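So the structure is just underneath, and the comments pick up after that.
Please treat every number below as a calculation from the coordinates, not as lab data. Remember, it's a predicted structure, so these values are computed and weren't measured experimentally. Ideal geometry is used to build each Cβ from the backbone, glycine not excepted, and the neighbour counts take in all protein chains shown.
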Amino acid sequence: MARPPNSQGAREPGSRVHLTFKEIIMKKIILALAGALALAGCNLAAVQIPTSPAAVADRTTLDERAGLSVELAYQAANLAIRTANRAGLLTPAAKAKARTLDDTAFAAVGKARAAYDAGNASSFKEADAAARSAVADLLSLVKG
Amino acid sequence: MNFNLDTILKAIELVGETSAAAKQIFEGFIAVTGGETQEELKARYAEARAKSDVDHATLQDELGG
């Protein structure tokens with residue numbers, strides 16, 4: 001992600017990079033959203049096989065929880081990219097890459113939806129993992 | 001650090017928009033770990049699907065798609 005020059009003009013080649021106020025704020029926002037995505041991963045891990053009889057009653061909601069987590073993870077990554085773009089932090093090349101990665105991630109989310117709708121546990125698990133991976137790729141555009 | 005009023009206002013605007021959207025996502029995560037019934041989760045999942053559709057269209061549009 002390229003950093004725009006500050007209002008004092010273009011940066012000198014080889015000079016130390018000083019972040020503008022806007023860049024610092026945007027980076028904080030993007031990192032917070034990255035944290036939200038990490039939380040999605042934790043929640044997915046938290047909705048695995050129940051370990052007690054009392055928890056078995058919740059087993060029927062596992063697919064809904066996993067499906068919801070995939071949607072929320074996609075939304076978090078989407079929001080991070082949208083925020084970076086609105087802040088003017090994406091170069092034309094980064095925008096083009098973001099468009100492609102967003103399409104890929106959304107298509108993967110669509111496959112998870114289809115597997116959920118079909119009620120196929122094994123294909124859902126596979127599609128769920130693929131969707132989370134594609135969402136992570138999208139988020140990588142604005143991380144670090 | 002270099003900043004001016006326009007930059008500050010733009011940052012506040014973006015933070016406001018982002019905070020509202022992030023809060024909605026956060027509340028969704030709370031539901032994932034909460035004690036909602038299957039029907040409630042199904043309804044929330046359906047809402048999330050619709051929102052993801054809108055978010056995807058919005059981002060593609062803003063990126064020049």
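Tabulated data for the structure shown
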item	result
Per-residue mean of C-beta atoms belonging to partner chains within 10 Å, peptide B:4-16	4
Given A:95/B:51; A:95/B:42; A:97/B:51; A:95/B:23; A:111/B:10, the pairs whose alpha carbons are separated by over 32 Å	A:95/B:42; A:111/B:10
Between the range B:1-54 and the range A:65-102, the alpha-carbon center distance in angstrom	13 Å
Inter-chain shielding of A:81-90 (mean C-beta neighbours from other protein chains, 10 Å cut-off)	4
Intensity falloff of chain B expressed as log10 I(q)/I(0), Debye formula with alpha-carbon point scatterers, at q = 0.24 Å⁻¹	-1.05
Chain B: calculated mean residue ellipticity at 222 nm from DSSP helix runs of at least 4, using -39500 (n - 2.57)	-29500 deg cm²/dmol
Cβ neighbours within 10 Å from other chains - mean over A:91-100	2
